[in-house]
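Remarks on the structure that follows.
The values are calculated or read from the model by the stated rules, or taken from the named source; none is laboratory data. These numbers come from a predicted model, not from an experiment. All Cβ positions, glycine included, derive from the backbone under ideal geometry; neighbour counts span all protein chains shown. Areas reflect the complete protein model, heavy atoms only, side chains present, ligands, DNA and RNA absent. Shrake-Rupley method; radii C 1.70, N 1.55, O 1.52, S 1.80 Å.
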Number of protein chains: 2
Amino acid sequence: MAKRVSHKDSGCGVARPLDAIGDRWSLLIVRDAFDGLRRFGEFQKDLGLAKNILAARLRNLVAHGIMDTIPTSDGSPYQEYVLTEKGRGLFPLLVALRQWGEDFFFEPNEAHVLLVDRKNGLPLRKLELRAQDGRILGAEDTIVRSPPDSTGNAWR
Amino acid sequence: MAKRVSHKDSGCGVARPLDAIGDRWSLLIVRDAFDGLRRFGEFQKDLGLAKNILAARLRNLVAHGIMDTIPTSDGSPYQEYVLTEKGRGLFPLLVALRQWGEDFFFEPNEAHVLLVDRKNGLPLRKLELRAQDGRILGAEDTIVRSPPDSTGNAWR
DNA sequence: GCGTGTGGTTTTAATTTGAAACCGGACCCC
DNA sequence: GGGGTCCGGTTTCAAATTAAAACCACACGC
């Protein structure tokens with residue numbers, strides 16, 4: 001039942017996460033959760049996806065420890081879905097996705113929702129990659145490095 | 001043929017990008033491209049996916065302007081796949097994904113590849129969200145805001 | 001001409017997705 | 001207690017997608 005990655009790179013820090021959230025819906029569900037949605041029906045209404053696949057996705061997210069089910073606060077007989085610590089850790093990724101979308105998927109003058117600072121309504125600063133010492137880095141300034149390798153086999 | 005988003009949220013800055021890269025392989029291909037891979041066979045060998053779906057994914061990435069095909073430099077009769085500007089814009093997202101993976105998908109002592117500063121071999125700083133004025137923000141300090149809305153309908 | 005490496009496409013089967021119907025408990029109303 | 005409704009799913013079944021494998025085409029070396 002547990003869907004497993006099948007390719008050689010299954011140990012990589014990019015591939016494993018994709019196994020958990022690398023489908024068309026999971027990140028949208030997580031985003032909705034950040035927006036405060038908690039109930040099955042809320043997700044379903046907002047995203048407009050079939051109930052069976054919403055159920056499957058939520059199950060998967062819970063199984064991966066990204067969301068958790070809790071009893072409702074308001075006494076209704078159902079449960080609510082909330083982000084775990086791990087799920088909340090996805091926020092930078094969501095911001096990166098959104099910023100990339102804003103930069104490349106909209107015409108310069110095309111209106112779109114914006115993620116803004118709650119305190120003053122200004123858009124966030126663009127995410128920037130920094131070295132330990134604070135230098136701003138680009139992709140070409142980085143390299144993936146294998147670990148010391150105590151196990152004998154090296155992932156890329 | 002062009003796969004289109006079907007749900008209500010299709011205008012959102014999160015949903016549109018997912019339409020382009022929200023599948024199990026595209027981001028891995030892009031990551032490989034950042035690692036310097038360019039040839040069909042290189043991707044296929046590294047990722048171990050079927051050739052037809054690699055071809056489909058590359059076609060899709062090219063169609064979305066994320067990669068581009070260029071003639072080979074070394075005179076071989078084939079083409080190479082390289083990232084466009086738009087594709088290179090995915091680097092922060094890839095870093096976010098990787099950092100999340102490193103934080104939550106590996107045991108503390110489990111060895112894994114690391115993305116490091118090419119200059120000194122130190123790991124990158126954790127990505128951080130900042131307001132315009134430089135304050136570090138968390139998810140709870142932000143809010144999505146609809147645009148002024150000249151069109152009459154508001155996206156979430 | 002023949003074998004080989006590369007970069008695909010085609011064919012076919014397996015898996016996933018999606019729409020819609022169905023189900024069951026809680027609550028409401030009488 | 002007997003309907004009716006809302007919510008949160010599961011089941012069923014068709015359609016789309018993915019995957020494996022076979023096939024094909026071109027360039028090259030010999």
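For the stretch B:94-106, indicate whether the set of residues that are open to solvent by less than 50 Å² (accessible area, probe 1.4 Å), outside any strand (DSSP E or B) and within 16 Å of DNA strand C (Cβ to nearest atom) is non-empty. Talk me through it step by step, then tell me what you get.
Initially, the stretch B:94-106 is screened for residues open to solvent by less than 50 Å² (accessible area, probe 1.4 Å), giving B:94-102, B:105-106.
Subsequent filtering for residues that are outside any strand (DSSP E or B) retains B:94-102, B:105-106.
If we keep only those that are within 16 Å of DNA strand C (Cβ to nearest atom) too, we end up with none.
No; the residues of the stretch B:94-106 include none that is open to solvent by less than 50 Å² (accessible area, probe 1.4 Å), outside any strand (DSSP E or B) and within 16 Å of DNA strand C (Cβ to nearest atom).
Consider residue A:134 carefully, then state whether it is open to solvent by less than 30 Å² (accessible area, probe 1.4 Å), on the phi > 0 side of the Ramachandran plot and at pLDDT 95 or above.
Details: open to solvent by less than 30 Å² (accessible area, probe 1.4 Å): yes; on the phi > 0 side of the Ramachandran plot: yes; at pLDDT 95 or above: yes.
Yes; evaluated as a whole, the condition is true for this residue.
Here is the figure for the stretch B:30-56: residues that are within 13 Å of DNA strand D (Cβ to nearest atom), under 18 Å from residue B:73 (Cβ atoms) and touching a Ser or Thr at 6+ places or on another chain (Cβ under 9 Å) total 0.
Taking only the stretch B:75-93 into account, find how many residues are more than 11 Å from DNA strand C (Cβ to nearest atom) and either within 14 Å of the chain's Cα centre (by Cα) or at pLDDT 95 or above (or both). Adding up the residues that qualify gives 12.
Taking the stated definitions as given, is residue A:85 within 11 Å of DNA strand D (Cβ to nearest atom), within 13 Å of another protein chain (Cβ to nearest Cβ) and surrounded by fewer than 18 Cβ atoms within 10 Å (Cβ to Cβ)? In short, no. Output the residue which, of all residues in the stretch A:34-73 that are assigned to a helix (DSSP H, G or I) and more than 14 Å from every other protein chain (Cβ to nearest Cβ), is farthest from DNA strand C (Cβ to nearest atom). Looking at the filtered set, the residue picked out is A:62.
May I ask you to say which residue of A:147, A:77 is in a loop (DSSP other than H, G, I, E, B), facing another protein chain (nearest Cβ under 9 Å) and surrounded by fewer than 14 Cβ atoms within 10 Å (Cβ to Cβ)? Steps first, answer last, please.
On the way: A:77 fails: facing another protein chain (nearest Cβ under 9 Å).
Exactly one of A:147, A:77 is in a loop (DSSP other than H, G, I, E, B), facing another protein chain (nearest Cβ under 9 Å) and surrounded by fewer than 14 Cβ atoms within 10 Å (Cβ to Cβ), namely A:147.
Scanning the stretch B:57-74 for residues that are surrounded by 14 or more Cβ atoms within 10 Å (Cβ to Cβ) and either within 11 Å of DNA strand D (Cβ to nearest atom) or modelled with pLDDT under 95 (or both) gives B:57, B:60.
Please verify whether the stretch A:102-110 includes one or more residues that are of a type in the set (S, T, N, Q) and at pLDDT 95 or above.
First, pick out the residues of the stretch A:102-110 that are of a type in the set (S, T, N, Q): A:109.
Restricting the remaining residues to those that are at pLDDT 95 or above gives none.
For the stretch A:102-110, residues of a type in the set (S, T, N, Q) and at pLDDT 95 or above: absent.
Taking the stretch B:103-144 as the range and being of a type in the set (Asp, Glu) and either at the interface with another protein chain (Cβ under 7 Å from one of its Cβ atoms) or over 26 Å from residue A:65 (Cα atoms) (or both) as the test, the residues that pass are B:103, B:117, B:133, B:141.
Of all the listed residues (B:19, B:9, B:32), the sole one being at pLDDT 90 or above and under 21 Å from residue A:110 (Cβ atoms) is B:19.
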